Amino acid sequence: MKKRQLGTLEVSELGFGCMNLASNYGPAAPIDDAIKVIREAHSKGVTFFDTAEVYGPYTSETIVGGALEPFRNEVKIATKFGFDLTEKGGLNSRPDHITWMVDGCLKRLRTDHIDLFYQHRVDPRVPIEDVAAAVKELIAAGKVLHFGLSEASPETIRKAHAVQPVTALQTEYSLMNRDPEKNGLLDTCEELGIGFVPWGPMGMGYLTQKLNTDTKFDPKSDLRAGFDRFKPETLAANKPFVDCITELAKRKGATTAQLSLAWLLAQKPFIVPIPGTGKVKHLEENIEASKLVLTAEDIKEIDSALAKFKVHGGRMNEEQMKVVEQ
């Protein structure tokens with residue numbers, strides 16, 4: 001597994017997203033399976049594991065901490081703050097809240113430091129400069145090594161970066177959603193030397209070729225149940241787009257998922273996708289994508305073929321998009 005730089009943080013060029021291990025895209029993975037797939041990822045060269053306090057809540061961090069404890073010094077762990085997990089709910093990036101909750105993260109992750117600490121969503125009630133200053137203090141205390149932002153605008157990134165260098169930005173980016181190419185996020189990261197971590201690199205499951213109009217999403221355990229993009233009629237409308245990617249992948253001797261990950265890796269050298277899975281066979285398929293090197297000609301061919309299609313359905317539901325900075 002080759003390495004890439006997120007700012008000054010060196011990680012494997014493919015990371016591992018641990019959200020699904022605690023549900024969100026269906027039922028949580030059985031704990032033994034979750035531990036097994038994380039350790040298998042490590043054995044295959046993955047050194048970058050992404051989780052968050054809110055996944056579960058707390059479940060994903062607990063699984064990740066237990067699974068990675070035997071080789072903690074060989075991996076980088078990213079987690080996220082910014083939600084109020086008391087009965088109040090909503091966003092909370094007040095400095096005192098960040099300082100208070102980091103100790104819980106450290107305990108669940110069974111570690112004395114967090115390699116990359118992201119603000120999960122920008123809190124409009126707290127100046128980003130105050131958030132960056134709070135993380136700067138945690139870095140000075142040795143509890144955190146690097147600062148990240150998630151779903152932040154270019155303006156917010158610049159303001160935060162002026163107080164405490166931002167190591168990575170996380171946002172949704174894939175063949176299904178190419179907003180970062182148009183909204184200035186990729187350009188801002190390139191200009192400031194910030195790494196880019198796409199979540200949903202396979203379109204939240206679209207680009208695995210495992211979804212169809214009969215797929216049922218349980219509203220109790222699967223966020224996608226409330227997203228327009230995953231309604232039966234939208235799945236049907238997007239089928240030609242996904243079929244086109246599948247056909248392009250076949251020409252490369254790859255799966256739809258592998259081409260999707262290889263396409264992201266080919267966009268910029270500072271991009272590190274974080275596909276997640278609860279199954280070892282899917283992990284192995286994803287890791288093989290790092291061997292698929294796409295040329296500039298390949299990228300041009302993919303872009304040209306997909307330009308004929310429109311992707312139907314928005315990113316998330318209206319409620320979730322309210323906390324995404326535009």
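The values are calculated or read from the model by the stated rules, or taken from the named source; none is laboratory data. The structure displayed is predicted, hence computed values, not measured ones. Cβ atoms come from the backbone with ideal geometry, glycine included; neighbour counts cover every protein chain shown. Note: accessible area is taken over every heavy atom of the protein model, side chains too, but ligands, DNA and RNA are not part of it. Shrake-Rupley method; radii C 1.70, N 1.55, O 1.52, S 1.80 Å.
Give the residue that is farthest from A22 (Cα to Cα), with candidates limited to residues of the range 84-101 that are part of a helix (DSSP H, G or I) and out of contact with any helix residue (DSSP H, G or I) (no Cβ under 6 Å at 6 or more places or on another chain).
Looking at the filtered set, the residue picked out is D96.
Could you say whether any residue in the range 87-101 is within 18 Å of the chain's Cα centre (by Cα) and either charged (D, E, K, R) or open to solvent by less than 10 Å² (accessible area, probe 1.4 Å) (or both)?
Applying the first criterion (within 18 Å of the chain's Cα centre (by Cα)) to the range 87-101 yields none.
Within the range 87-101, none of the residues are within 18 Å of the chain's Cα centre (by Cα) and either charged (D, E, K, R) or open to solvent by less than 10 Å² (accessible area, probe 1.4 Å) (or both).
Looking at D112 and the list (1) in contact (Cβ under 8 Å) with a residue 40 or more places away in the chain; (2) out of contact with any Asp or Glu (no Cβ under 7 Å at 6 or more places or on another chain); (3) closer than 24 Å to A132 by Cβ, which single condition is not satisfied?
Looking at each condition in turn, D112 falls short on (1).
So E53 fits all but one of (1) within 22 Å of S221 (Cα to Cα); (2) in a helix (DSSP H, G or I); what number is the exception?
Looking at each condition in turn, E53 falls short on (2).
In the range 157-186, how many are surrounded by fewer than 19 Cβ atoms within 10 Å (Cβ to Cβ), in a helix (DSSP H, G or I) and not hydrophobic (A, V, I, L, M, F, W, C)?
Summing the residues that are surrounded by fewer than 19 Cβ atoms within 10 Å (Cβ to Cβ), in a helix (DSSP H, G or I) and not hydrophobic (A, V, I, L, M, F, W, C) in the range 157-186 gives 5.
Can we say P219 is in a helix (DSSP H, G or I) and surrounded by fewer than 18 Cβ atoms within 10 Å (Cβ to Cβ)? I'd like the intermediate steps shown before the answer.
Values: in a helix (DSSP H, G or I): no; surrounded by fewer than 18 Cβ atoms within 10 Å (Cβ to Cβ): yes.
The answer is no for P219.
How many of the residues in the range 6-28 are over 16 Å from the mean Cα position of the chain (by Cα) and open to solvent by 20 Å² or more (accessible area, probe 1.4 Å)?
5
One residue is enough: does the range 263-276 have a residue meeting the conditions in contact with a Phe, Trp or Tyr (Cβ under 8 Å, 6 or more places away or on another chain), without any contact (Cβ under 8 Å) to a residue 12 or more places away in the chain and surrounded by fewer than 18 Cβ atoms within 10 Å (Cβ to Cβ)?
Scanning the range 263-276 turns up no residue that is in contact with a Phe, Trp or Tyr (Cβ under 8 Å, 6 or more places away or on another chain), without any contact (Cβ under 8 Å) to a residue 12 or more places away in the chain and surrounded by fewer than 18 Cβ atoms within 10 Å (Cβ to Cβ).
Give the range 67-88 a look and list any residue that's of a type outside the set (D, E, K, R) and more than 22 Å from S221 (Cβ to Cβ), or say none. Full working, then the answer.
To start, the set of residues in the range 67-88 that are of a type outside the set (D, E, K, R) comprises 67-68, 70-71, 73, 75, 77-79, 81-83, 85-86.
Residues satisfying the conditions are L68, P70, F71, N73, V75, I77, A78, F81, G82, T86.
So, of the residues in the range 187-212 that are aliphatic (A, V, I, L, M), under 14 Å from L149 (Cβ atoms) and touching a residue at least 40 places away in the same chain (Cβ under 8 Å), which turns out to be surrounded by the most Cβ atoms within 10 Å (Cβ to Cβ)? Reasoning before the result, please.
Residues of the range 187-212 that are aliphatic (A, V, I, L, M), as a first pass: 192, 194, 197, 202, 204, 207, 211.
Restricting the remaining residues to those that are under 14 Å from L149 (Cβ atoms) gives 192, 194, 197.
Keeping just the survivors that are touching a residue at least 40 places away in the same chain (Cβ under 8 Å) gives 194, 197.
Working: I194: 22, V197: 29.
By that ranking, first place goes to V197.
May I ask you to list the residues in the range 55-81 that are touching a Phe, Trp or Tyr at 6+ places or on another chain (Cβ under 8 Å) and either open to solvent by less than 50 Å² (accessible area, probe 1.4 Å) or of a type in the set (G, A, S) (or both)?
Residues satisfying the conditions are E61, V64, L68, V75, I77, A78, T79, K80, F81.
Could you list, in sequence order, the residues of the range 39-51 that are under 18 Å from R108 (Cα atoms) and either touching a His at 6+ places or on another chain (Cβ under 6 Å) or surrounded by 23 or more Cβ atoms within 10 Å (Cβ to Cβ) (or both)?
F48, F49, D50, T51
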